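This report refers to the structure that appears directly beneath it.
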Amino acid sequence: MSKRTAVVTGGIGGLGTAICVALARAGRSVVAADLGSNPERVARFEHEVDGHDIRFAPLDVSDFDACGAFVDEVQARHGSLDILVNAAGITRDTTLRKMDRVQWDSVMNVNLDSVFNLCRHAVDGMSGRGFGRIVNISSVNGQTGQFGQTNYSAAKAGMHGFTMALAREVARKGVTVNSVSPGYCETALVAAIPEDIRQGIVDKVPVGRLGQPEEIARTVAFLSADDAGYITGANIPVNGGLYMGF
Ligand code: CAA
């Protein structure tokens, strides 16, 4: 069997690079889809993943037609798109009373519409081939809500509703759809939180520290394995115990 092809949106930086590397180590051919508007960042990424079967492809995940063209290109070049990890995400934190329409729309477009845009174009191929793994990177803040994140918490909770609905639609086609809900990890998003607020959050984490991107990536690799076919519609929290739901 030829190598399975994985697409990771938000593939550069944050959790994305660690997910790309974990999937490549699991024997996948990986396409890191990201805006790529900063050539230095792209060059750093290419250096970091040198030696792995990972290539960068520019994509604006909020553009429905661009996502369609991208999926077509991946399928033409690699033969199939087997694993889709929706990890592209941004924050525009502020309290609702100060939030403007642009801050709301940009978080919805990048974090939630992107999941529709990619899945809508990828799911027919996966269903037709009888194999697919979709992993949506949600957040603990979609489960608990977070002060200053009505936009982000709504988008992240929405991702899991989408996950469960699509999981039902494609369960008989060999396609699984799951969410992973990371807690606070060592990423640029979290580094941007004011120091005192960040420390206050870390103090509430039972494990007592931020998560490592690799700790999220290993969960994604687990869910996208060939023998993970009986896990679907699930949300796997990886949050150091910050939120323990039932
Ligand atoms: N709970 C209760 N009250 C809070 C609070 C909190 N967590 N944070 C601030 N407040 C209070 C402030 O002290 C202030 O009180 P006063 O008016 O009495 O002074 C009031 O609420 C309003 O505060 P601001 O005017 O400063 O509010 P703001 O609109 O400027 O927004 C904020 C502040 C930017 C949201 C800031 O609170 C913040 O950065 N919070 C952290 C948000 C966060 O955790 N984001 C996660 C980013 S990482 C991520 O998202 C990845 C992931 O998935 C985990």
_Could you work out how much longer the chain between A76 and A225 gets when fully extended? Use 0.36 nm per residue separation minus the Cα distance between them, nm to one decimal._
51.4 nm
*Give me the percent of the accessible area of the chain that comes from carbon and sulfur atoms, probe 1.4 Å, all protein chains in place.*
53 percent
*Measuring from label point to label point, each 7 Å out along Cα→Cβ, what is the Q212 to R101 span in nm?*
4.6 nm
*Amide N of the range 138-178 lying under 13 Å from the label point, which is placed 7 angstrom from the Cα of T94 along Cα→Cβ*: 148-151
_Shape of the range 1-144, Cα gyration tensor, a/c cut at 1.5_ = prolate
*Under 15 Å from the 7 Å Cα→Cβ point of A171, by amide nitrogen: which residues of the range 212-245?*
229-235
*Set the Förster radius R0 to 51 Å, insert the Cβ-Cβ distance between K3 and F147 as r into 1/(1 + (r/R0)^6), and round the FRET efficiency to 0.05.*
0.70
_Accessible area expressed per residue, the range 63-178, with surrounding protein chains retained (probe 1.4 Å, Å²)_ = 44 Å²
_In nm, spacing of pseudo-spin labels at R55 and M244 (7 Å Cα→C-beta vector)_ = 4.7 nm
_Taking the alpha-carbon distance from K98 and a cut-off under 13 Å, which aspartates and glutamates remain once sequence neighbours fewer than 8 residues away in the same chain are dropped?_
none
*With each label point set 7 Å from Cα along the Cα-Cβ vector, what nm distance links F116 and F64?*
0.7 nm
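The values are calculated or read from the model by the stated rules, or taken from the named source; none is laboratory data. Keep in mind that this is a model prediction, so the values were computed, not measured. Neighbour counts are summed over all protein chains in view; Cβ atoms, including those assigned to glycine, are modelled from backbone coordinates with ideal geometry. Side chains are part of the model used for accessible areas, which takes the heavy atoms of the whole protein and leaves out ligands, DNA and RNA. Shrake-Rupley method; radii C 1.70, N 1.55, O 1.52, S 1.80 Å.
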